[in-house]
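Participant: Sharing a structure below in structure tokens format, with a few things to ask.
The values are calculated or read from the model by the stated rules, or taken from the named source; none is laboratory data. This one's a predicted model, so the numbers in the text were calculated from it and none came from an experiment. With ideal geometry, Cβ positions are generated from the backbone for all residues, glycine too; neighbour counts draw on all protein chains shown. Calculation scope for accessible area: heavy atoms of the full protein, side chains included, ligands and nucleic acids excluded. Shrake-Rupley method; radii C 1.70, N 1.55, O 1.52, S 1.80 Å.
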Amino acid sequence: MAKPTVLVSGAGIAGPALAFWLGRIGYHVVVLELADGIRPGGQTVDLRGAGRHVTERMGLLDQMRERSLRQRGIAWVHADGRRRAEMPVEAFHGNGPVSQLEILRGDLVDVLYGATAAGTDYRFGSRITQLAPSDDAVLATLSDGSTLRADLVVGADGPHSTVRRLVFGPEEKFVRALGGYNAWFSAPDTVGLDGWYLMYQAPGGRNASLRPSHDPAIAKAGLAFRSDPIRYDRADLDAQRDLLAARFAGAGWQSDALVAAAREADDFYFDAIVQIQMDTWSCGRVTLVGDAGYCASPLSGMGTSLALVGAYVLAGELGPAHDDTIDGGLLADALGRYATVMRPYVAKCQDLPNTIDRYLPMSASDIRMTALAMKYMQRWPFRPIAERKWFTVAESVDLPDYPALRPSQHA
């Protein structure tokens, strides 16, 4: 018997996670990805709180642990490398800036892909170019000129979502700029990280960082700076690298070496630090999940959890496929419940008071105060206050128990 079709745009974290659950409960899932395959490498992401619980319910937590990185903590450093403050991974019960379970984004996605490849129709080098919704389906035109009829289309294609633009309107309607820009790339480990994530803050709202990867000779690097909105070509990587070079001239520490490494990196990525804020994530038979609908920004540390939890809740509220189509009324109810469960969690994850000031302090005195705050928040009487305010957000959703998603139902 034919199965209802769900077309998912994006094979990052949210897309394959959604494919996992929907495949388990009887849907035909097609995942489109513009890249030629699952993107390897990437920066380090954490599995904490509800996101970690979701991977446990998937039965994939042990595989995630096998791929995890050895991490000792985060340290804020002076220009000469001396440490201003340290926060070991054990701080705040493993829920600090560096969590107990850190994994490269590419490794996490590879585990999800491995768990879904056999039962999911992955189409790489493909994207949606047009969507024509009707009451009973959505007709999607793909980049190769073919069309695909779907009962539901899901945008899991990141903060620059094509699905969101086609259905909900231009990106500018939903982007909230937080006042900075970030570049991520791989670079030689020039300092000997030994499991530590090192962060250097320079006056003028500049931040240079290095953190471990699987290869002890290679680090995952970051360069970020404070700025009002800048007009730039997202496709012109050399211009973006020039922008970094100008911003980090004379910044100190490893900044010159990192600017040079950015010019050579084949995994260079540059983007504004933003949130995506929307009044609704669904329109008819189209919905959004993860960064496409509710990006909380890299400053939140919650992007992975939001993607995993969002995919789990969306699938759970859709429920098992009982027919070859999805009834429009039942779909509307399911998407409404999805929003009801996720909205409070998204609000907490997007609540970032003064986070940009801590990440990109402007003055030398602000940099000193930031380091002191990181040091003393680990001590009594500040520790329990800091833990409640900043390091319990990942747990701040009660994951529904969807019987249809339990492994025992599909043994």
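Participant: Just check segment 88-156 against the gyration tensor rule for me: Cα atoms, a ≥ b ≥ c as the square roots of the eigenvalues, rounded for a/c under 1.5, and otherwise prolate or oblate depending on whether a/b exceeds b/c.
Facilitator: prolate
Participant: While we're on this one: Placing unit charges on C-beta atoms (Lys and Arg positive, Asp and Glu negative, everything else neutral), compute the dipole magnitude of segment 140-228 about its Cα centre in debye, rounded to 20.
Facilitator: 300
Participant: Counting only residues 5 or more places away or on other chains, whose amide H sits under 5 Å from the amide H of Trp196 once H atoms are built in the peptide plane?
Facilitator: For Trp196, the qualifying residues are Arg72.
Participant: Express in nm, to one decimal, how much length is gained between Arg39 and Leu237 on full extension, taking 0.36 nm for each residue of separation and deducting their alpha carbon distance.
Facilitator: 69.5 nm
Participant: So with the 1.4 Å probe, I'd like the accessible area per residue for the chain, rounded to whole Å².
Facilitator: Ligands and nucleic acids excluded, the figure is 43 Å² per residue.
Participant: Determine the dipole magnitude for the chain: charges of +1 sit on the beta-carbon of Lys and Arg, -1 on that of Asp and Glu, nothing else is charged, the reference point is the Cα centre, and the result goes in debye to the nearest 20.
Facilitator: 1280
Participant: If you don't mind, another one. Carbon-plus-sulfur fraction of the accessible area of segment 37-128, 1.4 Å probe, in percent?
Facilitator: Answer for segment 37-128: carbon and sulfur cover 43 percent of the accessible area.
Participant: Here's another thing I want to ask about it. Taking θ = phi - 60°, what integer Hz values does the Karplus form 6.51 cos²θ - 1.76 cosθ + 1.60 yield along segment 27-43, in sequence order, with x for Gly and Pro?
Facilitator: 9, 8, 10, 10, 10, 9, 9, 5, 5, 6, x, 4, 6, x, x, x, 7
Participant: Phe124 versus Asp323, label points 7 Å from Cα toward the beta carbon: distance in nm?
Facilitator: Inter-label distance under the simple model: 3.8 nm.
Participant: Here's something else I'd like to know. Need the C-alpha centroid separation for segment 295-354 versus segment 181-241, integer Å.
Facilitator: Computed from Cα coordinates, the inter-centre distance equals 31 Å.
Participant: If you don't mind, another one. Determine the share of segment 229-323's accessible area contributed by carbon and sulfur atoms, expressed in whole percent, with a 1.4 angstrom probe.
Facilitator: 47
Participant: Mind giving me the nanometre distance, one decimal, between the label points for Thr340 and Ala246, set 7 Å out from Cα along Cα→Cβ?
Facilitator: 5.2
Participant: Relative to the longest principal Cα axis of the chain, at what angle does helix 14-24 sit, 0 to 90 degrees, rounded to 10?
Facilitator: Compared with the principal axis, the helix lies near 40 degrees.
Participant: When a/c reaches 1.5 or more, the comparison of a/b and b/c decides; with that in mind, is segment 27-76 rounded, prolate or oblate per its Cα gyration tensor?
Facilitator: Verdict is oblate for segment 27-76.
Participant: Then there is this: So which residue, out of Met199, Met302, Met278, gets the largest mean-square fluctuation from a GNM of the chain using Cα contacts under 10 Å as springs?
Facilitator: Highest fluctuation of the listed residues: Met278.
Participant: So how far apart, in nm, are the two label points at Ser134 and Asp333 if each is 7 Å from Cα heading toward Cβ?
Facilitator: The modelled label-to-label distance comes out at 2.5 nm.
Participant: Around Ala208, what is the net charge, scoring Lys/Arg as +1 and Asp/Glu as -1 over all other residues with Cβ under 11 Å from its Cβ?
Facilitator: Taking every Cβ under 11 Å from that of Ala208, the sum is +1.
Participant: If you don't mind, there's one more thing I want to ask. When the chain is fully extended, how far beyond the present Cα-Cα distance does Arg165 get from Ala117, taking 0.36 nm per residue of separation?
Facilitator: 14.5 nm
Participant: Quick one: if the Förster radius is 22 Å, what FRET efficiency do Asp62 and Glu90 give, using the C-beta to C-beta distance and rounding to 0.05?
Facilitator: About 0.55, to the nearest 0.05.
Participant: For Asp228 and Arg72, what is the calculated FRET efficiency with R₀ set at 51 Å and r taken between the beta-carbons, to the nearest 0.05?
Facilitator: 0.90
Participant: If one takes the longest principal axis of the Cα atoms in the chain, at what angle in degrees, from 0 to 90 and to the nearest 10, does the Cα axis of helix 105-116 lie?
Facilitator: Taking Cα atoms only, the helix is inclined about 20 degrees.
Participant: Ok, one more. Please give the helix 364-376 orientation as an angle from the longest Cα principal axis of the chain, in degrees from 0 to 90, rounded to the nearest 10.
Facilitator: With rounding to tens, the tilt is 70 degrees.
Participant: To continue, here is another question. Using a 1.4 angstrom probe and counting only protein chains, how large is the accessible area of Phe20 in Å², to 10?
Facilitator: The accessible area of Phe20 comes to roughly 30 Å².
Participant: Could you give the length gained on full extension between Ala260 and Thr190, defined as 0.36 nm per residue of separation minus the Cα-Cα distance, in nm?
Facilitator: Contour length minus Cα-Cα distance gives 24.0 nm.
Participant: With equal scatterers on the alpha carbons only and no solvent term, can you work out the Debye log10 of I(q)/I(0) for segment 255-405 at 0.10, 0.12, 0.15, 0.19 1/Å?
Facilitator: Reported log10 I(q)/I(0), two decimals: -0.53, -0.70, -0.93, -1.18.
Participant: Can you classify segment 1-143 as rounded, prolate or oblate using the Cα gyration tensor, where a ≥ b ≥ c are the square roots of its eigenvalues, rounded means a/c under 1.5, and otherwise it's prolate if a/b beats b/c and oblate if not?
Facilitator: Prolate, because a/c is 1.5 or more and a/b exceeds b/c.
Participant: Let me ask you something else. Suppose R0 equals 51 Å. What FRET efficiency, 1/(1 + (r/R0)^6) with r the Cβ-Cβ distance, do Ser363 and Asp401 give to the nearest 0.05?
Facilitator: 0.55
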